[in-house]
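Remarks on the structure that follows.
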Ligand code: FAD
């Protein structure tokens, strides 16, 4: 791979020796007359980073990488591309934690959003209050959620909806949806945004909200980077709790597991006291340790009896919930949880509890990441598959996919997540696509592989998709990766396709932005 990058670089350099900006071979020469040209790089380090992502499967070599010193740099680059007689593609790259080249731009320009962090002079995250909105944070699209957490906690506040992993950018998750254990109650992260500054595909800087430039606002949220680059988002904040009661319960019967999950997510009012603050679920299938890199939870002394359970039943379903508390609720939290768990059908004796700080809970994946990094196992291929499955078909999915395909294939897949979400918490005017049922499940096959064997997992993913297709299970892909044709994208968006396409023509008519999603660009 390094040899390919090196040869590509050399081959570009050869005809342009003496030319200080070799990228002009691929981009219009006139770009050199703009000031923003000084912030473009095409040295091997820049190109290498921008042509890889967390997935470690796809490589697309850009002509150059923009390291913006301000959002104006981004706007002038996009404006130039838009007005040029030979437009080129541009992709914002947040943390590059997508898995199939979604943040790449072959022969175009990748915008390294994180470069903005060095130029915002500490103004990348500010906390304010207004009578109509209450507390909110204005956050640069390049900011990592972990930094948003720490900055807002200084004010005793925090966002309400989180992803499981915090080292990804605000712009990157808002382009998808941003889901996790709080989504059943607070909605995805896209449902918790008051306002945004966006640079659209014509290079215009636009402030949008549910009241102002509404179309752009709704288009960008869940819009897969197609309509504009998020320069700033105004995020809903609430008083932050201090600690967390974190509970896992084990089931051998899928219908009991799903029934209990669905009951718990049905109590979901934002202010409702007897609602949980977090709910997810996962499969225990491998007969190795029951913990994985996503979180270390089970007491070591219980590992052997949990492994014995997995050996006995093949698949164990693990329901994971949390209730947040602070000094005021410290005496009532246990009782509240006890009441919520009444009548639940987990295997007696297989309920486990932990009490940890709010920050450690939200940032629970980080220690696993650091461990994998130290073993050189973080940067392996990740052929992930993320799906939304309608509630009415989840039982067929369990028997056809979990039991017949995944379990029988007998390959180590990594964590498999399964938990229900409420459609009422999603705003249908936004670009994000979910199944057409009040409750649907999110399924995450978070596969990691060795460098040579990711294809077996890719085959497994395709088999799962084919099974769903043949069985008539109406899945929608989250963080979509397996659509290749316009027809597949049309089917994915369903009744939203027309609007999605019209918005593209309106906000990015030259099809400049986020080509790596392969919706409007073939490369
Ligand atoms: P990138 O990969 O850099 O970009 C993704 C897409 O967004 C690209 O199309 C890019 O062009 C576009 N984009 C990036 N920045 C902007 C911007 N400022 N404006 C407009 N478009 C932009 N997702 C969840 O929902 N829940 C989870 O719990 C979760 N856990 C994860 C755990 C791990 C370990 C990893 C690797 C990913 C996880 N994800 C999760 C997926 C993650 O939310 C998406 O991959 C997200 O896009 C990553 O953000 P990023 O900053 O790396 O984006």
Note on the range 331-373: alpha-carbon gyration tensor, axes a ≥ b ≥ c; rule is a/c under 1.5 for rounded, else prolate if a/b larger than b/c, else oblate; result oblate
Under the rule rounded for a/c under 1.5, else prolate if a/b exceeds b/c, else oblate, using alpha carbon gyration tensor axes a ≥ b ≥ c, the range 120-239 is classed as rounded
Each label sits 7 Å from Cα toward the beta-carbon; between residue 154 and residue 326 the label points are separated, in nm, by 1.8 nm
With the 8 Å Cα cutoff and a minimum separation of six or more residues, the chain has a relative contact order in percent of 17 percent
Placing each pseudo-label 7 Å from Cα in the direction of the beta carbon, residue 427 and residue 286 end up separated by a distance in nanometres of 4.0 nm
Distance in Å, no decimals, from the C-alpha centre of the range 98-116 to the one of the range 145-217 is 19 Å
Row for the chain, column shape: gyration tensor on C-alpha, a ≥ b ≥ c, rounded if a/c < 1.5 i.e. under 1.5, prolate if a/b over b/c, else oblate; value prolate
If 129, 293 are placed from fewest to most neighbouring beta carbons inside 10 Å, the sequence is 129, 293
Assertion target for 423, 232, 305, ordered by fewest C-beta neighbours within 10 angstrom first, is 305, 423, 232
Helix 497-507: inclination vs the chain longest Cα principal axis, degrees, rounded to 10, gives 40 degrees
Burial-style ranking of 326-336, 464-474, average other-beta-carbon count within 10 Å with highest first, yields 464-474, 326-336
So for R0 = 35 Å, FRET eff. of residue 495-residue 209 from the Cβ-Cβ r, to 0.05, ends up at 0.90
Counted neighbours (other Cβ, 10 Å), sorted fewest up, put 483, 317, 325 in the order 483, 325, 317
The alpha-carbon center of the range 334-350 and that of the range 353-417 are separated, in whole Å, by 24 Å
What helix-only [θ] at 222 nm does the chain give? Using -39500 (n - 2.57) per DSSP H run of at least 4, over all residues, to the nearest 500, the answer is -8000 deg cm²/dmol
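Bear in mind these aren't lab numbers, they're just calculated from the coordinates by the rules spelled out. No experiment lies behind these values; they were computed from the predicted model shown. When we count neighbours, we look across all protein chains shown, and the Cβ atoms used for this are built from the backbone with ideal geometry, even at glycine.
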